[in-house]
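Comments concern the structure below.
The values are calculated or read from the model by the stated rules, or taken from the named source; none is laboratory data. Just so it is clear, the structure is predicted and the values come from calculations on it, not from any experiment. A quick note on method: Cβ atoms are made from the backbone with ideal geometry, for glycine too, and the neighbour counts reach across all protein chains shown.
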């Protein structure tokens, strides 16, 4: 279990705490993991499919915070399609055989590949992202 909470995961978890509120978000979603109680509140400001700002508030475990940190770090100044691809890549990476390489940004989550019941925690912010995008 210590492998799950290695320094890279904890650094990603801390990264989301630098997220700031957005005065006038164009997109919003709140999602909850009913299995464990993790909750994500996500605000986005998107213009012409370009994410110009993102705010993520997490009430959850370190893995939920780390997944949110990954989204937060990658989404700023990206296109919506880029984050949708990252979301797909992240899900595929988690469900692949352990130590299958993968994108550099995803490698800290390698120990999580074998702990399937925690995948939803790590991907919850991406679930919120898709929900926010679908509501517009």
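Things worth noting here:
- Residue match in the stretch 27-42 (condition: under 20 Å from residue 7 (Cβ atoms), surrounded by 15 or more Cβ atoms within 10 Å (Cβ to Cβ) and touching a residue at least 40 places away in the same chain (Cβ under 8 Å)): no
- Breaking point among (1) more than 14 Å from residue 127 (Cα to Cα); (2) at pLDDT 95 or above, for residue 40: (1)
- Test: residue in the stretch 86-104 that is in contact with a strand residue (DSSP E or B) (Cβ under 9 Å, 6 or more places away or on another chain) and either more than 13 Å from residue 122 (Cα to Cα) or crowded, with 16+ Cβ neighbours inside 10 Å (or both): no
- Lone unmet requirement of (1) free of Cβ contacts under 8 Å to residues at least 24 places away in the same chain; (2) surrounded by fewer than 16 Cβ atoms within 10 Å (Cβ to Cβ) for residue 45: (2)
- Checking each residue in the stretch 51-76 for being surrounded by fewer than 17 Cβ atoms within 10 Å (Cβ to Cβ) and in contact with a helix residue (DSSP H, G or I) (Cβ under 8 Å, 6 or more places away or on another chain) picks out only 73.
- Here the condition is being free of Cβ contacts under 8 Å to residues at least 24 places away in the same chain, surrounded by 16 or more Cβ atoms within 10 Å (Cβ to Cβ) and part of a helix (DSSP H, G or I); of 110, 123, it holds for 110 alone.
- One residue stands out in the stretch 1-16 among those that are without any contact (Cβ under 8 Å) to a residue 12 or more places away in the chain and either part of a helix (DSSP H, G or I) or in contact with a helix residue (DSSP H, G or I) (Cβ under 8 Å, 6 or more places away or on another chain) (or both): the one that is surrounded by the most Cβ atoms within 10 Å (Cβ to Cβ), namely 7.
- In this structure, residue 55 does not satisfy being part of a strand (DSSP E or B), in contact (Cβ under 8 Å) with a residue 12 or more places away in the chain, touching a strand residue (DSSP E or B) at 6+ places or on another chain (Cβ under 9 Å) and over 19 Å from residue 13 (Cβ atoms).
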